[in-house]
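See below for the structure under consideration.
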Amino acid sequence: MKLSKYSGVSQSYINKIESGQVRRPSYDTVYHLMHGFCKFILEKRVKTKCARDLHSTNVYYVKRDTPVREALEKMRENEYSQLPVIENWPYVDSVVGVVTEKSLLRLLEIENVDLDKVKVEDVMEPLIPLVEEDTPIERVKELLKHHYAVLTYSGREVKGIITKWDLIHKL
């Protein structure tokens, strides 16, 4: 049905070619069918999912000077395993790291640690990747093999976050 739409060749004629009733379609017919097929493929390629299609625009974050207890509570309340550390929301150049379950668990191994006095900057991990909103999802998948999350941006502003969980549940 779609080939007919893209090529301008009637669906009944395409059916006849497929069934063998038309053994040698004209050069023009074949040309239009191939051209229509290429248009369909190109359109489909343009519609391939990109980071914008998967990101959550509700980005929870903390600042460097946020007490670890506050970050931990925010993670618990929202059931997140990581929070980006962003100093001046929503600007990309102010993303400085990430605080993760893993970094918090290491901190909890220390006896008598006061979670109100320890700051996020003391336990945060290096920056998570930033990708433009139109980055192909295949590239995002590769990044998520090695990182907790990926932040998306447009211009100079953070627009969203994609986690492994998002990838699993939104694809």
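Where a number appears in this text, it was derived from the coordinates with a stated rule and is not lab data. Just so you know, these numbers come straight off a predicted model, no measurement behind them. Cβ: placed from backbone, ideal geometry, glycine included. Neighbour counts: every protein chain shown.
Overview of values
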| read-out | value |
| --- | --- |
| Cα-Cα separations in region 92-171 greater than 20 Å, expressed as whole percent | 42 |
| Between region 63-88 and region 104-148, the alpha-carbon center distance in angstrom | 10 |
| For VAL131, distant residues with modelled amide H under 5 Å away | LEU151, THR152, TYR153 |
| Charge dipole of region 115-171 about the Cα centre (unit charges at C-beta), most positive-ward option of LEU151, ILE137, MET124 | ILE137 |
| Packing rank of 70-77, 98-105, where each peptide gets the mean count of other beta carbons within 10 Å, highest leading | 98-105, 70-77 |
| Among 121-129, 143-151, 109-117, the order from most to least packed when residues are scored by Cβ within 10 Å on average | 143-151, 121-129, 109-117 |
| Helix-only CD estimate at 222 nm, as mean residue ellipticity for the chain, using -39500 (n - 2.57) per DSSP H run (n ≥ 4) | -12500 deg cm²/dmol |
| For region 71-121, alpha-carbon Rg relative to the globular expectation (2.2 N^0.38 Å, N residues) | 1.22 |
| Of GLN21, GLN82, GLN11, the one that fluctuates the most in a GNM where the chain has Cα springs shorter than 10 Å | GLN21 |
| Calculated SAXS-style log₁₀ I(q)/I(0) at q = 0.11 Å⁻¹ - the chain, Debye, Cα scatterers | -0.59 |
| Length-normalised contact order for region 1-107 - Cα pairs under 8 Å, 6+ apart - percent | 18 |
